[in-house]
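Participant: The structure is given below, and queries will be raised subsequently.
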Amino acid sequence: MHTIAVIGTGKMGEVLLSGLLRAGWPVDRLLVTTRRAERAAELRERYGVEVVDNDTAVERADVLAIAVKPQDAEVLMSELGPGIPADKLVVSLCAGLPTSFFAKWLPTGTPVVRVMTNTPALVDEAMTAISAGAHATAAHLALAEEMFRPLGNTIRVPESQQDAVTALSGSGPAYFYYLVEAMTDAGILLGLPRQVAHDLIVQTAIGSAIMLRDSGEHPVKLREAVTSPAGTTISAIRELENHRVRAALLAALEAARDRAREIADQNL
Ligand SMILES: NC(=O)C1=CN([C@@H]2O[C@H](COP(=O)(O)OP(=O)(O)OC[C@H]3O[C@@H](n4cnc5c(N)ncnc54)[C@H](O)[C@@H]3O)[C@@H](O)[C@H]2O)C=CC1
Ligand SMILES: O=C(O)[C@@H]1CCC=N1
């Protein structure tokens, strides 16, 4: 069985750690690293996991899951990279950074897998996209899948699609929360108590998501089924079109994709 070290255990590192534990990964096969002593104590107490320094993690783990902010990856990899033996697997969770960024710091031939997951991993409903770097084999991809499948769904994509994936599903939960927030405000505008508006829209989101997943119907079909002739829904849709919400979404995701590219450019 593999030993996985989470390097940089902040929000996403903890999401991965807790998911692996929920899935039954033995705690003595997990190591975590962090910069702050208080955070180390918190993780130890919450999960009973061993917190070690980065060098010890490299020595003892055979899979290194890099979960620092992309902006911190250069310092981390310049310190750690050259000492990582080529038989370890490096799994990057970092937005924007291509596998070639990691390869630059690693001994030639070290396999790197790039993943983009999302925060619904906390409830085992993540969408995780997995890509092989130059030296990653089918076995390395399978191992990355084994790590992330307990957290939700996984998909393999060519690395060239990872910036688009980041814009769509990596950041995606934020767009849905934003929408719920705005719709709750709209409910308040219409005179509903905040909690009632919140409960109505959250359950509506859950029901709609399950129908999208389980009915096999195209979203247009599902929307048309709600939209009665001369009814209420079409009046709302007209306003969404007038306010160019579709165009705003296209522009927003393009901006997120471009930001991922910028992060790469700043680090290559
Ligand atoms: N937050 C999100 O929804 C998602 C984030 N990501 C990616 O996950 C990565 C982590 O993001 P978050 O967890 O949100 O950030 P975060 O800031 O919560 O966690 C990063 C952690 O790394 C630690 N760290 C930094 N340098 C270190 C070093 N040299 N040694 C040990 N620990 C170090 C920091 O102290 C911090 O605890 C990023 O690269 C981000 O692009 C990917 C998908 C979704
Ligand atoms: O906002 C970010 O950069 C990270 C990557 C995807 C979701 N959160």
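Bear in mind these aren't lab numbers, they're just calculated from the coordinates by the rules spelled out. Please read these numbers as outputs of a predicted model, since none were measured by experiment. When we count neighbours, we look across all protein chains shown, and the Cβ atoms used for this are built from the backbone with ideal geometry, even at glycine.
Participant: Helix-derived [θ] at 222 nm for the chain: sum -39500 (n - 2.57) over DSSP H runs of at least 4, divide by residue count, nearest 500?
Facilitator: Helix contribution divided over all residues of the chain: -16500 deg cm²/dmol.
Participant: Roughly how many Å is it from the Cα centre of the stretch 37-86 to that of the stretch 249-268, as a whole number?
Facilitator: Spelled out, the Cα-based centre of one part sits 27 Å from the other.
Participant: For the Cα atoms of the chain, what angle does the longest principal axis make with the long axis of helix 138-148, in degrees from 0 to 90, nearest 10?
Facilitator: For helix 138-148, the angle is close to 60 degrees.
Participant: Under 17 Å from a point 7 Å along the Cα-to-Cβ line of Ala251: which residues of the stretch 146-170 have their amide N that close?
Facilitator: Under 17 Å, as judged by backbone N against the label point of Ala251, lies no residue of the stretch 146-170.
Participant: OK, next. Could you name the lysines whose alpha carbon sits less than 22 Å from that of Lys11, not counting residues in the same chain fewer than 8 places away?
Facilitator: Here the lysines satisfying the reach criterion relative to Lys11 are Lys69.
Participant: When a/c reaches 1.5 or more, the comparison of a/b and b/c decides; with that in mind, is the chain rounded, prolate or oblate per its Cα gyration tensor?
Facilitator: prolate
Participant: At 0.36 nm per residue, minus the direct Cα-Cα distance, what do Leu189 and Arg46 gain on full extension? Give it in nm, one decimal, please.
Facilitator: Here the segment from Leu189 to Arg46 would lengthen by 47.4 nm.
Participant: So for the stretch 172-263, averaging the separation of alpha carbon pairs under 8 Å that are six or more residues apart and normalising by length, what relative contact order in percent results?
Facilitator: The normalised contact order for the stretch 172-263 reaches 12 percent.
Participant: Here is a follow-up. Residue by residue, what Karplus-based ³J(HN,Hα) values in Hz, rounded to whole numbers, does the stretch 84-94 have, using 6.51, -1.76 and 1.60 with θ = phi - 60° and x for Gly and Pro?
Facilitator: Here the 3J(HN,Hα) series is 8, x, 5, 8, 8, 9, 9, 10, 9, 9, 6 Hz.
Participant: For the chain, modelled as a Gaussian network with Cα springs under 10 Å, which listed residue fluctuates most, Thr99, Thr227, Thr166?
Facilitator: The residue that fluctuates most here is Thr227.
Participant: Tally the DSSP beta bridges in the chain and give the antiparallel ones as a percent, rounded to 5.
Facilitator: Taking every DSSP beta bridge within the chain, about 15 percent pair in antiparallel fashion.
Participant: Rounded to the nearest 5, what is the percent of antiparallel bridges among the DSSP beta bridges in the stretch 4-162?
Facilitator: 15 percent
Participant: Using the Cα gyration tensor of the stretch 4-162, with a ≥ b ≥ c the square roots of its eigenvalues, what is the shape: rounded (a/c below 1.5), prolate (a/b larger than b/c) or oblate (neither)?
Facilitator: oblate
Participant: Taking θ = phi - 60°, what integer Hz values does the Karplus form 6.51 cos²θ - 1.76 cosθ + 1.60 yield along the stretch 229-241, in sequence order, with x for Gly and Pro?
Facilitator: Using θ = phi - 60°, the values come out as x, 6, x, 7, 5, 5, 5, 5, 4, 4, 5, 4, 5 Hz.
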